[in-house]
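Novice: Sharing a structure with you now.
The values are calculated or read from the model by the stated rules, or taken from the named source; none is laboratory data. The structure presented is a predicted model; accordingly, all values stated were derived computationally and were not measured. Positions of Cβ are generated from backbone atoms using ideal geometry, with glycine treated the same way; all protein chains shown enter the neighbour counts. Note: accessible area is taken over every heavy atom of the protein model, side chains too, but ligands, DNA and RNA are not part of it. Shrake-Rupley method; radii C 1.70, N 1.55, O 1.52, S 1.80 Å.
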Amino acid sequence: EENSIIGEWFRKKTTRYDYAAHKVFIEIEKEGEKNREEMEIPPGVFYDDPVTAFYNFRFGVYGKVEPGKEFILRTLPRKGKETIRLSVASKEETEIKRAEETDKSGKDLFVRIFLNREMWGQKKGELEIWFSRELIPISGVVKDVRFFGDVKGKLTYHGLMNFPERLAPPS
(Lines give C-alpha, C1' and ligand atoms only; values in the text may rest on other atoms or scores of the structure.)
Protein backbone atom coordinates (compact mmCIF):
# COMPACT_ATOMS: atom_id res chain seq x y z
CA GLU A 1 0.00 0.00 0.00
CA GLU A 2 1.37 3.38 -0.99
CA ASN A 3 -0.09 6.71 0.15
CA SER A 4 1.01 9.95 -1.48
CA ILE A 5 0.05 13.30 0.00
CA ILE A 6 0.90 16.64 -1.58
CA GLY A 7 -0.94 19.48 0.13
CA GLU A 8 -4.63 18.61 -0.16
CA TRP A 9 -4.01 16.08 -2.96
CA PHE A 10 -4.06 12.42 -1.90
CA ARG A 11 -3.48 9.17 -3.79
CA LYS A 12 -3.70 5.64 -2.44
CA LYS A 13 -2.24 2.79 -4.47
CA THR A 14 -2.70 -0.80 -3.35
CA THR A 15 -0.87 -3.61 -5.13
CA ARG A 16 -1.75 -7.19 -4.26
CA TYR A 17 0.32 -10.10 -5.57
CA ASP A 18 -1.56 -13.41 -5.80
CA TYR A 19 1.10 -15.89 -6.87
CA ALA A 20 -1.26 -18.87 -6.50
CA ALA A 21 -3.61 -17.37 -9.11
CA HIS A 22 -0.70 -15.88 -11.14
CA LYS A 23 -2.18 -12.38 -10.93
CA VAL A 24 -1.38 -8.89 -9.68
CA PHE A 25 -4.20 -6.55 -8.70
CA ILE A 26 -3.57 -2.82 -8.64
CA GLU A 27 -6.10 -0.34 -7.26
CA ILE A 28 -5.52 3.40 -7.42
CA GLU A 29 -7.78 5.80 -5.58
CA LYS A 30 -7.45 9.54 -6.14
CA GLU A 31 -9.80 12.48 -6.32
CA GLY A 32 -12.67 10.23 -5.20
CA GLU A 33 -12.26 7.81 -8.12
CA LYS A 34 -11.02 4.22 -8.03
CA ASN A 35 -9.29 2.53 -10.93
CA ARG A 36 -8.46 -1.18 -10.94
CA GLU A 37 -6.05 -3.10 -13.08
CA GLU A 38 -5.26 -6.80 -13.25
CA MET A 39 -2.07 -8.30 -14.68
CA GLU A 40 -0.98 -11.89 -15.33
CA ILE A 41 2.17 -13.31 -13.72
CA PRO A 42 3.87 -15.97 -15.83
CA PRO A 43 4.36 -19.31 -14.00
CA GLY A 44 7.67 -19.46 -12.11
CA VAL A 45 8.16 -15.68 -12.21
CA PHE A 46 8.24 -13.46 -9.13
CA TYR A 47 7.87 -9.68 -9.23
CA ASP A 48 8.80 -7.19 -6.53
CA ASP A 49 8.05 -3.50 -6.37
CA PRO A 50 11.01 -1.30 -5.33
CA VAL A 51 9.86 -0.91 -1.71
CA THR A 52 9.32 -4.66 -1.26
CA ALA A 53 12.66 -5.36 -2.95
CA PHE A 54 14.37 -2.94 -0.57
CA TYR A 55 13.03 -4.76 2.51
CA ASN A 56 13.59 -8.23 1.05
CA PHE A 57 17.19 -7.26 0.25
CA ARG A 58 17.79 -6.00 3.80
CA PHE A 59 16.36 -9.17 5.34
CA GLY A 60 18.34 -11.59 3.13
CA VAL A 61 15.45 -12.94 1.08
CA TYR A 62 17.60 -12.89 -2.10
CA GLY A 63 20.70 -14.27 -0.39
CA LYS A 64 23.41 -13.05 1.94
CA VAL A 65 24.32 -9.38 1.46
CA GLU A 66 28.10 -9.13 1.27
CA PRO A 67 30.75 -7.03 -0.49
CA GLY A 68 31.02 -7.63 -4.23
CA LYS A 69 27.65 -9.37 -4.55
CA GLU A 70 25.02 -8.34 -7.10
CA PHE A 71 21.29 -9.02 -7.18
CA ILE A 72 19.04 -8.61 -10.22
CA LEU A 73 15.30 -8.55 -9.52
CA ARG A 74 12.24 -8.36 -11.72
CA THR A 75 9.67 -5.68 -11.11
CA LEU A 76 6.11 -5.58 -12.30
CA PRO A 77 6.43 -4.72 -16.01
CA ARG A 78 4.35 -1.64 -16.67
CA LYS A 79 6.24 -0.38 -19.75
CA GLY A 80 8.40 -3.24 -21.03
CA LYS A 81 11.00 -5.26 -19.13
CA GLU A 82 11.77 -3.65 -15.79
CA THR A 83 14.47 -4.71 -13.36
CA ILE A 84 16.22 -3.59 -10.21
CA ARG A 85 19.96 -4.21 -9.92
CA LEU A 86 21.47 -4.01 -6.44
CA SER A 87 25.25 -3.92 -6.49
CA VAL A 88 27.11 -4.20 -3.18
CA ALA A 89 30.50 -2.52 -3.50
CA SER A 90 33.67 -4.53 -2.95
CA LYS A 91 35.61 -3.95 0.28
CA GLU A 92 38.15 -1.86 -1.65
CA GLU A 93 35.52 0.34 -3.31
CA THR A 94 33.70 0.74 0.02
CA GLU A 95 36.91 1.98 1.68
CA ILE A 96 37.49 4.50 -1.13
CA LYS A 97 33.89 5.79 -0.93
CA ARG A 98 33.98 5.93 2.90
CA ALA A 99 37.18 8.03 2.75
CA GLU A 100 35.19 10.65 0.76
CA GLU A 101 32.53 10.88 3.50
CA THR A 102 32.67 13.52 6.24
CA ASP A 103 30.63 11.42 8.69
CA LYS A 104 31.87 7.84 8.44
CA SER A 105 30.00 6.37 11.44
CA GLY A 106 27.80 3.35 10.70
CA LYS A 107 28.68 3.33 7.00
CA ASP A 108 29.71 -0.29 6.56
CA LEU A 109 28.24 -1.35 3.18
CA PHE A 110 27.96 0.84 0.09
CA VAL A 111 25.21 -0.24 -2.32
CA ARG A 112 24.29 1.11 -5.74
CA ILE A 113 20.75 0.50 -6.92
CA PHE A 114 19.79 0.79 -10.58
CA LEU A 115 16.09 0.89 -11.44
CA ASN A 116 15.17 0.11 -15.02
CA ARG A 117 11.69 1.54 -14.62
CA GLU A 118 10.00 4.90 -14.65
CA MET A 119 10.22 6.62 -11.27
CA TRP A 120 10.48 10.19 -10.09
CA GLY A 121 9.59 11.49 -13.55
CA GLN A 122 12.49 9.79 -15.31
CA LYS A 123 12.91 6.58 -17.26
CA LYS A 124 15.65 5.11 -15.06
CA GLY A 125 16.74 5.64 -11.49
CA GLU A 126 20.06 5.35 -9.71
CA LEU A 127 20.51 5.38 -5.94
CA GLU A 128 23.54 5.09 -3.69
CA ILE A 129 22.89 3.96 -0.13
CA TRP A 130 25.12 3.46 2.88
CA PHE A 131 24.05 0.63 5.19
CA SER A 132 25.22 -0.32 8.66
CA ARG A 133 26.43 -3.88 9.40
CA GLU A 134 22.85 -4.67 10.43
CA LEU A 135 21.65 -3.45 7.00
CA ILE A 136 19.99 -0.35 8.41
CA PRO A 137 20.06 2.44 5.79
CA ILE A 138 22.24 5.27 7.15
CA SER A 139 22.26 7.74 4.26
CA GLY A 140 21.72 7.84 0.55
CA VAL A 141 21.26 9.81 -2.61
CA VAL A 142 18.85 9.49 -5.52
CA LYS A 143 20.87 10.64 -8.53
CA ASP A 144 19.70 13.20 -11.11
CA VAL A 145 16.03 13.58 -10.18
CA ARG A 146 14.30 15.74 -12.77
CA PHE A 147 13.96 19.37 -11.60
CA PHE A 148 15.89 18.64 -8.37
CA GLY A 149 19.25 17.10 -9.25
CA ASP A 150 20.66 14.75 -6.62
CA VAL A 151 18.30 14.25 -3.67
CA LYS A 152 20.11 13.29 -0.47
CA GLY A 153 18.80 11.87 2.77
CA LYS A 154 20.11 10.48 6.04
CA LEU A 155 18.72 8.46 8.89
CA THR A 156 17.64 10.74 11.72
CA TYR A 157 15.69 8.23 13.80
CA HIS A 158 15.48 4.44 13.97
CA GLY A 159 12.57 2.90 15.86
CA LEU A 160 8.82 3.12 16.22
CA MET A 161 7.11 6.48 16.43
CA ASN A 162 3.63 7.94 16.40
CA PHE A 163 2.96 10.12 13.39
CA PRO A 164 1.33 13.49 13.97
CA GLU A 165 -2.31 13.59 12.93
CA ARG A 166 -1.53 16.02 10.13
CA LEU A 167 0.47 13.26 8.38
CA ALA A 168 -2.25 10.63 8.65
CA PRO A 169 -4.15 9.94 5.41
CA PRO A 170 -7.62 11.47 5.16
CA SER A 171 -10.43 9.17 6.28
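Novice: All other residues with a Cβ under 12 Å from the Cβ of K97 taken together, and with Lys, Arg as +1 and Asp, Glu as -1, what is their net charge?
Specialist: So the surrounding residues net to -2.
Novice: Still on this model: Evaluated at 4 °C with a viscosity of 1.567 mPa s, what Stokes-Einstein diffusion coefficient in µm²/s does the chain have when Rh comes from the Kirkwood expression over alpha-carbon pairs?
Specialist: My calculation gives 71 µm²/s for D.
Novice: Using helices alone, I'd like the mean residue ellipticity at 222 nm for the chain: each DSSP H run of four-plus residues gives -39500 (n - 2.57), total over residue count, nearest 500.
Specialist: The helix contribution divided over the chain gives -3000 deg cm²/dmol.
Novice: Same structure again: So, for segment 21-147, what is the accessible surface per residue at a probe of 1.4 Å, expressed in square angstrom?
Specialist: Normalised by residue count, the accessible surface of segment 21-147 is 61 Å².
Novice: Using a 1.4 Å probe over the heavy atoms of the protein chains, calculate the carbon and sulfur portion of the accessible area of the chain as a whole percent.
Specialist: 52
Novice: Which of the residue pairs K64/K143; K34/K69; K30/K143; K64/K97; K64/K154 have a Cα-Cα distance greater than 31 Å in the structure shown?
Specialist: From K64/K143; K34/K69; K30/K143; K64/K97; K64/K154, over 31 Å: K34/K69.
Novice: Okay, moving on. Can you tell me which aspartates and glutamates have their Cα less than 17 Å from the Cα of K91? Leave out same-chain residues fewer than eight positions away.
Specialist: E66, E70, E100, E101, D108, E128, E134
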